[in-house]
1. If I ask for residues that are in contact with an Asp or Glu (Cβ under 6 Å, 6 or more places away or on another chain) and either among the aromatic types (Phe, Trp, Tyr) or farther than 19 Å from SER87 by Cα (or both), which ones from the stretch 2-54 would you list?
2. With the requirement that a residue be at pLDDT 75 or above and outside any loop (DSSP other than H, G, I, E, B), what does the stretch 98-121 give you?
3. Output the residue which, of all residues in the stretch 73-97 that are modelled with pLDDT under 70 and polar (S, T, N, Q), is farthest from SER21 (Cα to Cα).
4. Return the total of residues in the stretch 1-42 being without any contact (Cβ under 8 Å) to a residue 60 or more places away in the chain, of a type in the set (A, V, I, L, M) and either part of a loop (DSSP other than H, G, I, E, B) or in contact with a helix residue (DSSP H, G or I) (Cβ under 7 Å, 6 or more places away or on another chain) (or both).
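The values are calculated or read from the model by the stated rules, or taken from the named source; none is laboratory data. For clarity, every value in this text was computed on a predicted model and none was experimentally measured. Using ideal geometry, Cβ is built from the backbone for each residue, glycine included, and neighbour counts are taken over all protein chains shown.
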Amino acid sequence: MNRRTVLLYGRSLLLSGVAASLEQCPDLRAMRAATWSEASRLLAEQPPDVLIFDLTSGCEDHLLSLLVANPTLLMIGLDAECNRAVSVSGQDTRSLTMSQIQEMIGVANQAVPEEVPCLDHG
(Lines give C-alpha, C1' and ligand atoms only; values in the text may rest on other atoms or scores of the structure.)
Protein backbone atom coordinates (compact mmCIF):
# COMPACT_ATOMS: atom_id res chain seq x y z
CA MET A 1 0.00 0.00 0.00
CA ASN A 2 1.25 3.48 -0.85
CA ARG A 3 1.92 5.90 1.96
CA ARG A 4 -0.48 8.82 1.86
CA THR A 5 0.88 12.27 2.53
CA VAL A 6 -0.95 14.72 4.77
CA LEU A 7 -0.10 18.41 5.06
CA LEU A 8 -1.28 20.08 8.26
CA TYR A 9 -1.50 23.86 7.92
CA GLY A 10 -1.88 26.14 10.92
CA ARG A 11 -0.59 26.81 14.41
CA SER A 12 -3.47 25.75 16.61
CA LEU A 13 -3.19 23.36 19.51
CA LEU A 14 -5.88 21.25 17.81
CA LEU A 15 -3.74 20.79 14.68
CA SER A 16 -0.68 19.99 16.78
CA GLY A 17 -2.63 17.22 18.50
CA VAL A 18 -3.98 15.86 15.22
CA ALA A 19 -0.47 15.96 13.72
CA ALA A 20 1.01 14.10 16.69
CA SER A 21 -1.60 11.35 16.31
CA LEU A 22 -1.26 11.07 12.54
CA GLU A 23 2.54 10.90 12.78
CA GLN A 24 2.07 7.58 14.61
CA CYS A 25 0.41 5.99 11.54
CA PRO A 26 2.94 4.01 9.51
CA ASP A 27 0.91 4.40 6.30
CA LEU A 28 0.97 8.20 6.56
CA ARG A 29 3.62 10.82 6.04
CA ALA A 30 2.63 13.97 7.92
CA MET A 31 4.10 17.36 7.04
CA ARG A 32 3.47 20.56 8.98
CA ALA A 33 3.34 24.18 7.83
CA ALA A 34 2.79 27.09 10.20
CA THR A 35 2.47 29.79 7.51
CA TRP A 36 0.71 29.94 4.15
CA SER A 37 4.10 30.60 2.50
CA GLU A 38 5.42 27.35 3.96
CA ALA A 39 2.25 25.47 2.99
CA SER A 40 2.44 26.80 -0.59
CA ARG A 41 6.03 25.66 -0.92
CA LEU A 42 5.21 22.16 0.35
CA LEU A 43 2.12 21.96 -1.88
CA ALA A 44 4.31 22.71 -4.90
CA GLU A 45 7.37 20.63 -3.97
CA GLN A 46 5.74 17.60 -2.30
CA PRO A 47 2.04 17.58 -3.25
CA PRO A 48 0.05 15.92 -0.45
CA ASP A 49 -2.98 13.68 -0.77
CA VAL A 50 -4.72 15.53 2.05
CA LEU A 51 -4.60 19.05 3.46
CA ILE A 52 -5.86 19.48 7.02
CA PHE A 53 -6.22 23.07 8.19
CA ASP A 54 -7.72 25.12 10.98
CA LEU A 55 -10.94 26.76 9.77
CA THR A 56 -10.09 29.78 11.90
CA SER A 57 -6.63 30.24 10.31
CA GLY A 58 -7.78 32.83 7.78
CA CYS A 59 -6.74 30.81 4.71
CA GLU A 60 -10.15 31.01 3.01
CA ASP A 61 -8.75 33.25 0.26
CA HIS A 62 -6.38 30.49 -0.83
CA LEU A 63 -8.75 27.51 -0.67
CA LEU A 64 -10.72 28.10 -3.87
CA SER A 65 -7.63 28.61 -6.00
CA LEU A 66 -6.06 25.58 -4.34
CA LEU A 67 -9.12 23.47 -5.12
CA VAL A 68 -9.15 24.60 -8.76
CA ALA A 69 -5.43 23.85 -9.14
CA ASN A 70 -5.66 20.51 -7.27
CA PRO A 71 -9.13 19.03 -7.83
CA THR A 72 -8.24 15.65 -6.31
CA LEU A 73 -6.78 17.12 -3.11
CA LEU A 74 -8.88 16.22 -0.09
CA MET A 75 -9.14 19.28 2.16
CA ILE A 76 -10.39 18.93 5.74
CA GLY A 77 -11.02 22.02 7.85
CA LEU A 78 -11.17 21.63 11.62
CA ASP A 79 -12.91 24.08 13.93
CA ALA A 80 -12.58 23.36 17.64
CA GLU A 81 -14.72 26.37 18.60
CA CYS A 82 -17.75 25.02 16.72
CA ASN A 83 -16.85 21.35 17.28
CA ARG A 84 -16.88 20.36 13.61
CA ALA A 85 -14.83 19.13 10.69
CA VAL A 86 -15.68 20.11 7.12
CA SER A 87 -14.34 18.57 3.94
CA VAL A 88 -14.46 20.45 0.63
CA SER A 89 -17.20 18.05 -0.42
CA GLY A 90 -19.35 19.63 2.26
CA GLN A 91 -19.39 16.66 4.62
CA ASP A 92 -19.81 17.81 8.19
CA THR A 93 -19.60 15.95 11.47
CA ARG A 94 -20.24 17.03 15.04
CA SER A 95 -18.11 14.60 17.06
CA LEU A 96 -14.86 13.57 15.42
CA THR A 97 -12.39 10.99 16.69
CA MET A 98 -8.84 10.37 15.43
CA SER A 99 -10.09 7.13 13.86
CA GLN A 100 -12.66 9.11 11.88
CA ILE A 101 -10.00 11.57 10.68
CA GLN A 102 -7.86 8.62 9.57
CA GLU A 103 -10.88 7.14 7.78
CA MET A 104 -11.52 10.44 5.94
CA ILE A 105 -7.88 10.43 4.83
CA GLY A 106 -8.19 6.86 3.62
CA VAL A 107 -5.91 4.88 5.94
CA ALA A 108 -6.81 2.06 8.25
CA ASN A 109 -7.20 2.89 11.91
CA GLN A 110 -3.66 2.62 13.23
CA ALA A 111 -1.85 3.66 16.37
CA VAL A 112 -5.01 4.92 18.02
CA PRO A 113 -5.10 3.33 21.46
CA GLU A 114 -8.76 4.11 22.08
CA GLU A 115 -11.69 6.01 20.63
CA VAL A 116 -11.15 9.39 22.28
CA PRO A 117 -13.10 12.23 20.65
CA CYS A 118 -10.67 14.93 19.60
CA LEU A 119 -13.33 17.54 18.89
CA ASP A 120 -16.13 16.58 21.25
CA HIS A 121 -16.72 19.29 23.82
CA GLY A 122 -19.61 17.40 25.35
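1. Within the stretch 2-54, ARG3 is the sole residue that qualifies.
2. Within the stretch 98-121, MET98, SER99, GLN100, ILE101, GLN102, GLU103, MET104, ILE105 qualify.
3. Filtering first and then ranking leaves SER89.
4. Residues meeting the conditions: 7.
Rundown of residues vs (1) small (Gly, Ala, Ser); (2) touching a Cys at 6+ places or on another chain (Cβ under 6 Å); (3) loosely packed, with under 14 Cβ neighbours inside 10 Å, yes/no style:
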position: THR5; (1), (2), (3): no, no, no
position: SER12; (1), (2), (3): yes, no, no
position: ALA20; (1), (2), (3): yes, no, yes
position: ARG32; (1), (2), (3): no, no, no
position: LEU42; (1), (2), (3): no, no, no
position: VAL50; (1), (2), (3): no, no, no
position: ASP54; (1), (2), (3): no, no, no
position: ASP61; (1), (2), (3): no, no, yes
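Every residue, every condition in (1) farther than 20 Å from ASP79 by Cα; (2) of a type outside the set (A, V, I, L, M, F, W, C), yes or no:
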position: LEU7; (1), (2): no, no
position: ALA19; (1), (2): no, no
position: PRO47; (1), (2): yes, yes
position: THR56; (1), (2): no, yes
position: ASP61; (1), (2): no, yes
